[in-house]
Amino acid sequence: METRANYVLVGTSVLAAIAAIVIFVFWLGRSQLSKHDDVYHTFFTGSVTGLSSGSPVRYRGVPVGTVGFIEIDPQNIERILVTLKLRARTPIKIDTVASLETAGITGGSYVELSGGTNAAPLLVSENGEVPVIKSESSGLQSALDEAPKLVAKLSQLSDQANKLLSDENVKTISAAFDHLNSLSANLDALGPDAKQTVANLNKLTTDLNKQLPDLMNTLKQDGVSIKDTVDEFHKVGNGLDAMIAEDRGPVHNFAQNGLSEVSALVVNLRTLTDTLNRVADHLDRDPQRYLFGGTSAGIDPSRPLSSGLATGAPR
């Protein structure tokens, strides 16, 4: 009877343990099923060497999730699509940026999230699509991408250095140094004369510096005088323009009417001049006959002097 009681106790204990295990498994499964990760996408244009599924995702150094799938973007083969599984309620903002970082020189890669301000809104799904976090190249990744170009430039620089340091160029540089040494020796040989020349140049420079302000003032004064003169010329020109505009009517009337009268006056003056020339000619040849009439052999005493010129004499 006692042995049967022990079997019952052992069986009951085993059943209780099995029930506890089953309950724990259900509880653990329920907690795992109830666990929800926020899924985001990001795109990288460079190489993602060292990044794999399960690689950590850090937000400013804090682990917030892992990397899911990594594949070539089917819509653009120049990009790599990376799926990020982040813990629920991770504060991903619209200005959050993802970059690919390397854990040390020989370590693997991980995704680093940075940026994001407190005032910026959260990055949420639109039209049921997976939200996309903007990406940028990290400093180390940029350096690795630019490494081939840097090596090519270093190789080109090395080739140019080899050309510069050729045997012919080395001889030319050596000759130039020899000339410089000779020039230095010649300058040393000049001695006091060279020093005196330098001293004179320094004195000349000092004098010029002292006289330069006075010269500049003189130039400024001359410039003011020239400007005043030009202004006076402008005033005179304006006065002439006004005078011409004012006298344009009288000058026009003179050209229309006065010139004809002047022309007639000139004709009359020319006729008078011709007459006076003829009178002077007669007076010069035979003044007695021209004044008193008759011939030059005698004078008619019966005619007074006041009777005028002889009949037919030119007037």
Only loop residues by DSSP count here, and only those with at most 10 other Cβ atoms within 10 Å; note down the GluC sites (Glu not before Pro) in segment 56-105 that meet that. GLU78
Label-point separation in nm, ALA19 to ILE72, each point 7 Å along Cα→Cβ: 5.9 nm
Multiplying the sequence separation of GLU136 and LEU204 by 0.36 nm and subtracting their Cα-Cα distance, what value in nm do you get? 18.2 nm
Express in Å², to the nearest 10, the accessible area of LYS203 obtained by rolling a 1.4 Å probe over the protein heavy atoms while all chains stay in place. 130 Å²
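The values are calculated or read from the model by the stated rules, or taken from the named source; none is laboratory data. Owing to the predicted nature of the structure, the values given are computational and were not obtained by experimental measurement. Backbone-built Cβ (ideal geometry, glycine too); neighbour counts: all protein chains shown. Surface areas here come from the heavy atoms of the whole protein model, side chains and all, with no ligands, DNA or RNA. Shrake-Rupley method; radii C 1.70, N 1.55, O 1.52, S 1.80 Å.
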